[in-house]
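Colleague: What follows is a single structure, and I will ask about it in a moment.
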Amino acid sequence: MAQSTAEKQEAAYPGDIPPSHGRIGGRPDWLKPHVGWAAVGAVGGWFFGRFVGDLIASGYPVNQNTTYNNVSVVLAMCFGVLGWLIGIGGLTYPLMKMLGREPAPAQPSRSWVRYFRMTEDHKVVGMQYLIGVLIFLFTAGLLAMGIRTELLSPTNHAFGPGTYIAIVSEHGTMMMMMASSAVVGPLGNWLVPLMIGSRRMAFPRIEAFSFWVFMAGYLTIMTALPLGGFPTGWTAYASLQTQAGPGMDSYLVGFAVIGLGMIMAGFNLAATIINYRAPGMSWSRIPIFVWAILATCALLVLATPTLVVAGYLGVLDRTAQTVFYVTEHGGSSFLWQNLFWFFGHPEVYIMALPGFGIVMEMMPVFTRKPLFAYRVAAAGMVGVALLSFFVWQHHLFQSGINPDMRPLFMLTTELISIPTGFLFLVTLGTLWKAKIRFEVPMLFCLGMLFNFLIGGITGVFLSDVPVDVTVHGSFFVMAHFHYTIMGGLIFALFGGLYYWLPKMTGKQLNRRLGKIHFWTMFVFFNMTFFPLFLVGLLGQPRRVFEYARNLQTLNDISSTGAFLLGASFLIFVFNFVWSIYIDPVKSPDNPWNSRGLEWQTPTPVPWFDFERIPVVLSDPYRYGEPDAPPVADMAVSSLWSVGAVSGAETVSPSDVASSPDRPGDLDPRPPIL
């Protein structure tokens with residue numbers, strides 16, 4: 001059905017920004033929702049929740065002989081999160097709709113203020129996520145410095161045992177929550193619409209809302225420190241969970257809040273990928289990074305609700321005196337372990353898959369070869385996502401699991417190494433006989449592969465019951481996990497930042513500083529964590545601040561490496577500030593000569609990404625092919641939808657050449673109001 005002229009004009013955005021619709025509010029900027037009002041709302045909500053909690057539960061017998069009131073603490077956090085979301089404007093749209101009023105449409109802005117507000121521009125949300133993830137990372141990194149300071153000596157202590165376990169618990173929790181959104185948040189939100197030829201996310205308000213929920217979770221978890229921390233580590237096993245102080249409430253509520261943000265982000269990205277692909281963007285032409293994000297979104301949407309429910313049950317045990325996790329009153333501490341790890345092991349792949357997606361997306365660019373076995377890579381990601389739901393009980397090998405179940409979960413755990421191995425072999429196949437350009441992003445790709453190989457090999461050992469029983473709870477497990485996640489995900493994240501920040505900011509990062517950053521990070525990462533394999537095999541347990549004297553040398557090497565590793569991150573911060581703000585160098589539109597669709601747009605990217613919806617002609621990996629067609633026709637006009645139906649159609653260059661030039665090649669959906 002043809003569009004009317006008015007509809008075409010409404011959908012057309014030939015300039016940098018769309019036309020405005022409706023009345024624009026006349027309030028001064030400082031009165032509009034922003035992060036300052038969010039902070040005011042969070043503080044007000046905290047005190048209101050404390051007041052209501054004390055009013056309700058101060059007379060409960062369980063609170064008579066304690067110095068705190070769990071009901072008051074939990075309500076303070078819940079109302080604090082609510083106040084934060086109201087202050088940032090996250091609930092304005094649904095509340096106005098409920099009142100029968102039409103909210104004013106979002107207006108595009110180039111001001112720096114937009115980074116401190118709700119926004120419907122996926123590129124701004126991606127940058128907000130980037131800063132939020134770095135705040136998480138550096139906060140948890142400072143806590144790690146405290147851990148390694150304490151472990152410099154087995155006898156001279158910087159902290160008491162209670163403070164030490166609180167620092168360890170806070171560090172682990174912050175790192176895990178950061179890593180869950182480390183790639184999906186910044187790079188997923190910024191890049192996915194551009195990579196699939198869409199003008200926006202499927203649900204822009206949900207996208208923005210998920211970020212501010214993410215930051216509310218950060219603030220909630222941070223409240224654990226002034227409340228005395230929690231002694232459970234990041235896994236929060238019952239029954240210690242129900243016996244802990246008020247800092248435990250921060251963990252349970254914070255985990256649940258961030259879990260809600262993860263669900264919303266995963267749902268939104270999945271809906272965008274499935275329904276908003278450009279014409280010709282068939283499943284066999286989707287960039288491999290988008291496949292990684294889609295597989296990760298499936299895990300976020302399906303696994304994270306279990307974590308939210310588990311946290312809710314834990315809150316009820318601590319406030320309403322239920323006994324879900326209290327074994328002596330008919331509950332089961334194993335219930336928490338099963339619920340937690342049913343989320344927790346898919347979460348490992350929530351962190352690993354995007355890292356592989358980044359590496360496989362960049363490798364063809366720097367090897368000038370097509371991605372080796374593209375379909376195998378996509379199938380491997382789907383296989384990892386599927387099998388990740390069948391391995392969680394290997395975390396219970398030492399917790400009293402039925403011995404008859406051990407062989408089954410040992411088998412499933414070893415099976416998941418097969419699709420993971422496919423992903424690794426795809427990267428090696430792409431490197432085979434390639435003329436590699438050792439740019440900074442490529443160095444981080446190679447570093448990620450080296451680190452992940454060590455983490456993967458040690459993981460195969462841990463999947464076997466005899467080995468796991470021997471080293472369970474030791475530093476060996478901790479070293480394996482850091483090689484897999486920090487050595488894999490964080491190295492891939494930094495590689496992705498060096499690769500895509502020129503597009504995201506329009507500025508080129510300093511190449512020499514980037515190489516210094518890589519080599520210091522790579523060397524000191526291995527100096528930090530490889531000795532921990534040895535101390536773990538020699539019997540040093542984690543989460544304990546004393547150890548045998550004969551292990552001090554290895555611990556001192558690890559601590560020294562940790563301090564230098566922390567310093568290497570400051571090189572990135574200096575490079576970022578220097579290159580973006582102090583001595584900026586304008587980046588070309590396509591500095592890496594990439595075929596990716598996101599690199600075919602001007603820099604800076606316009607508000608609605610594409611003036612016309614592109615028609616995708618081929619996959620983005622045909623490097624080294626002399627007769628390779630362009631990845632997309634950026635100017636061809638048609639009235640094809642950008643949804644899944646049209647995206648599933650394969651469009652060839654001949655189809656484009658034979659189609660008439662109709663100036664209405666525009667997104668048929670109206671602007672977001």
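Colleague: From 80, 53, grab the single residue that is in contact (Cβ under 8 Å) with a residue 24 or more places away in the chain, within 23 Å of residue 213 (Cα to Cα) and surrounded by 18 or more Cβ atoms within 10 Å (Cβ to Cβ).
Modeller: Residue meeting the stated conditions: 80.
Table: residues versus (1) under 15 Å from the mean Cα position of the chain (by Cα); (2) without any contact (Cβ under 8 Å) to a residue 24 or more places away in the chain; (3) not in a loop (DSSP other than H, G, I, E, B).
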residue: 154; (1), (2), (3): no, no, no
residue: 162; (1), (2), (3): no, no, yes
residue: 167; (1), (2), (3): no, no, yes
residue: 170; (1), (2), (3): no, no, yes
residue: 173; (1), (2), (3): yes, no, yes
residue: 177; (1), (2), (3): yes, no, yes
residue: 188; (1), (2), (3): yes, no, yes
residue: 191; (1), (2), (3): yes, no, yes
residue: 194; (1), (2), (3): no, no, yes
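Residues checked against (1) crowded, with 24+ Cβ neighbours inside 10 Å; (2) in contact (Cβ under 8 Å) with a residue 12 or more places away in the chain; (3) closer than 30 Å to residue 197 by Cβ:
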{"site": "239", "(1), (2), (3)": "no, yes, no"}
{"site": "259", "(1), (2), (3)": "yes, yes, no"}
{"site": "279", "(1), (2), (3)": "yes, yes, yes"}
{"site": "292", "(1), (2), (3)": "yes, yes, yes"}
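Colleague: Could we say that residue 323 is closer than 30 Å to residue 243 by Cα, assigned to a helix (DSSP H, G or I) and either β-branched (Val, Ile, Thr) or in contact with a strand residue (DSSP E or B) (Cβ under 9 Å, 6 or more places away or on another chain) (or both) here?
Modeller: no
Colleague: Take the residues in the stretch 139-164 that are out of contact with any helix residue (DSSP H, G or I) (no Cβ under 6 Å at 6 or more places or on another chain), at pLDDT below 95 and not polar (S, T, N, Q), then tell me which one is farthest from residue 235 (Cα to Cα).
Modeller: The qualifying residue farthest from residue 235 (Cα to Cα) is 157.
Here's the yes/no breakdown for (1) buried (at least 17 other Cβ atoms within 10 Å of the Cβ); (2) over 22 Å from the mean Cα position of the chain (by Cα); (3) under 28 Å from residue 173 (Cα atoms):
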{"site": "494", "(1), (2), (3)": "yes, no, yes"}
{"site": "497", "(1), (2), (3)": "yes, no, yes"}
{"site": "532", "(1), (2), (3)": "yes, yes, yes"}
{"site": "588", "(1), (2), (3)": "no, yes, no"}
{"site": "598", "(1), (2), (3)": "yes, no, no"}
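Colleague: Answer yes or no: is there a residue in the stretch 470-481 that is touching a Ser or Thr at 6+ places or on another chain (Cβ under 6 Å), among the polar types (S, T, N, Q) and modelled with pLDDT under 95.
Modeller: Looking for residues that are touching a Ser or Thr at 6+ places or on another chain (Cβ under 6 Å), among the polar types (S, T, N, Q) and modelled with pLDDT under 95, one finds none in the stretch 470-481, hence no.
Colleague: Taking the stretch 312-330 as the search range and keeping residues that are without any contact (Cβ under 8 Å) to a residue 60 or more places away in the chain and open to solvent by less than 50 Å² (accessible area, probe 1.4 Å), which one is nearest to residue 378 (Cα to Cα)?
Modeller: 313
Colleague: Moving on. Of the numbered conditions (1) crowded, with 18+ Cβ neighbours inside 10 Å; (2) modelled with pLDDT of 95 or more, residue 547 satisfies every one except a single condition; which is it?
Modeller: Only one criterion in (1) crowded, with 18+ Cβ neighbours inside 10 Å; (2) modelled with pLDDT of 95 or more is unmet by residue 547, namely (2).
Colleague: Here's a follow-up. Of the residues 397, 372, only one is more than 22 Å from residue 302 (Cα to Cα) and at pLDDT 95 or above; which?
Modeller: Criteria check complete, one pass: 372.
Colleague: Look at the stretch 400-411 and say how many of its residues are surrounded by 14 or more Cβ atoms within 10 Å (Cβ to Cβ) and assigned to a loop (DSSP other than H, G, I, E, B).
Modeller: So the count comes out to 1.
Colleague: Could you tell me which numbered condition residue 371 fails, if it satisfies all but one of (1) within 26 Å of the chain's Cα centre (by Cα); (2) more than 21 Å from residue 249 (Cβ to Cβ); (3) part of a helix (DSSP H, G or I)?
Modeller: The number of the failed condition is (3).
Colleague: Does residue 414 qualify as being closer than 26 Å to residue 472 by Cα, open to solvent by 50 Å² or more (accessible area, probe 1.4 Å), in contact (Cβ under 8 Å) with a residue 24 or more places away in the chain and in a helix (DSSP H, G or I)?
Modeller: Here the answer is yes, as residue 414 does meet what is asked.
Colleague: Hey, any hits in the stretch 631-644 for a residue that's modelled with pLDDT of 90 or more and assigned to a loop (DSSP other than H, G, I, E, B)?
Modeller: Scanning the stretch 631-644, I find at least one residue that is modelled with pLDDT of 90 or more and assigned to a loop (DSSP other than H, G, I, E, B), so the answer is yes.
Colleague: Which numbered condition trips up residue 63, out of (1) free of Cβ contacts under 8 Å to residues at least 60 places away in the same chain; (2) over 23 Å from residue 213 (Cβ atoms); (3) open to solvent by 50 Å² or more (accessible area, probe 1.4 Å); (4) not basic (Lys, Arg)?
Modeller: The failed condition is (3).
Okay, residues lined up against (1) out of contact with any Pro (no Cβ under 9 Å at 6 or more places or on another chain); (2) open to solvent by less than 10 Å² (accessible area, probe 1.4 Å):
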| position | (1), (2) |
| --- | --- |
| 163 | yes, no |
| 172 | yes, no |
| 179 | yes, yes |
| 182 | no, yes |
| 194 | yes, yes |
| 201 | no, yes |
| 206 | yes, no |
| 210 | yes, yes |
| 217 | yes, yes |
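Colleague: Filter the stretch 94-118 down to residues that are aliphatic (A, V, I, L, M) and assigned to a loop (DSSP other than H, G, I, E, B) and give me whichever is farthest from residue 37 (Cα to Cα).
Modeller: 99
The values are calculated or read from the model by the stated rules, or taken from the named source; none is laboratory data. These numbers were taken from a predicted model, which means no experiment stands behind them. With ideal geometry, Cβ positions are generated from the backbone for all residues, glycine too; neighbour counts draw on all protein chains shown. Just so you know, the surface numbers come from the protein's heavy atoms only, side chains and all, with ligands and any DNA or RNA stripped out. Shrake-Rupley method; radii C 1.70, N 1.55, O 1.52, S 1.80 Å.
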